[in-house]
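Report on the following structure.
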Amino acid sequence: MTTDPSCLFCRIASGDLPSDRVLETEHVVAFRDIAPKAPTHVLVIPREHIPSLEGLEERHGETIGRLHVAAARIAREEGLEDGWRAVINVGADAGQTVFHVHLHLLGGRPLHWPPG
Ligand code: AMP
């Protein structure tokens, strides 16, 4: 499994940097966003260093699927039965600032569509 010691989210995944964790498994780690955009705002990341959905390969499919399975579990645990959103920003135009793929789980308030 590839990791990058200079990557912020690799360092959070390894425990080298602190985070407010809500879930961890063999393959994924989830923690609360430091600047939440909704009452529930959790980031779900793979332990493997995958920079972005851009350039994703077939071999990454299971890992990316696991992000969604983890998000669904966290949404249930957070009581988001009225709905929630899973967002993955890809590249600069979409606002991706951390180049370690991450799923934003947002919920706890009505979410507008389309997003900005
Ligand atoms: P994106 O803009 O899609 O790349 O999302 C990056 C997210 O990471 C933003 O929502 C930030 O608030 C969040 N973030 C950055 N540093 C940390 C950190 N140390 N702990 C938790 N969330 C962070």
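The values are calculated or read from the model by the stated rules, or taken from the named source; none is laboratory data. The structure displayed is predicted, hence computed values, not measured ones. FYI the Cβ positions are ideal-geometry reconstructions off the backbone, even for glycines, and counts take in every protein chain you see. Surface accessibility is based on the protein's heavy atoms, side chains included, excluding ligands, DNA and RNA. Shrake-Rupley method; radii C 1.70, N 1.55, O 1.52, S 1.80 Å.
Within the accessible area of segment 8-107, what % is carbon and sulfur when the probe is 1.4 Å and the other protein chains stay in place?
Using a 1.4 Å probe with all protein chains present, segment 8-107 comes out at 51 percent carbon and sulfur.
How much net charge surrounds HIS60 when only the other residues with a Cβ under 14 Å from the Cβ of HIS60 are counted, with Lys and Arg +1 and Asp and Glu -1?
-2
What distance in nm separates the simple spin-label points at HIS60 and VAL98, each placed 7 Å from Cα in the Cβ direction?
Modelled inter-label distance: 1.6 nm.
At 1.4 Å probe radius, can you tell me the per residue accessible area of segment 39-116 in Å²?
Roughly 58 Å² per residue, with all protein chains present.
Could you tell me which GluC sites (Glu not before Pro) in segment 39-115 are loop residues by DSSP with no more than 10 other beta carbons within 10 angstrom of their beta carbon?
When the GluC sites (Glu not before Pro) of segment 39-115 are filtered for loop state and at most 10 Cβ neighbours within 10 Å, GLU57, GLU81 remain.
Under the rule a/c < 1.5 gives rounded, and otherwise a/b versus b/c splits prolate from oblate, where does segment 1-99 land using the Cα gyration tensor?
It comes out rounded by the Cα gyration axes.
Under a point spin-label approximation (7 Å from Cα along Cα-to-Cβ), what is the ARG32-TRP113 distance to one decimal in nm?
Spacing of the two 7 Å Cα→Cβ label points: 2.8 nm.
With a/c under 1.5 counting as rounded, go ahead and sort segment 68-113 into rounded, prolate or oblate using the C-alpha gyration tensor (a ≥ b ≥ c being the square roots of the eigenvalues; past the cut-off, prolate if a/b is larger than b/c, else oblate).
Oblate, since a/c reaches 1.5 and b/c is not below a/b.
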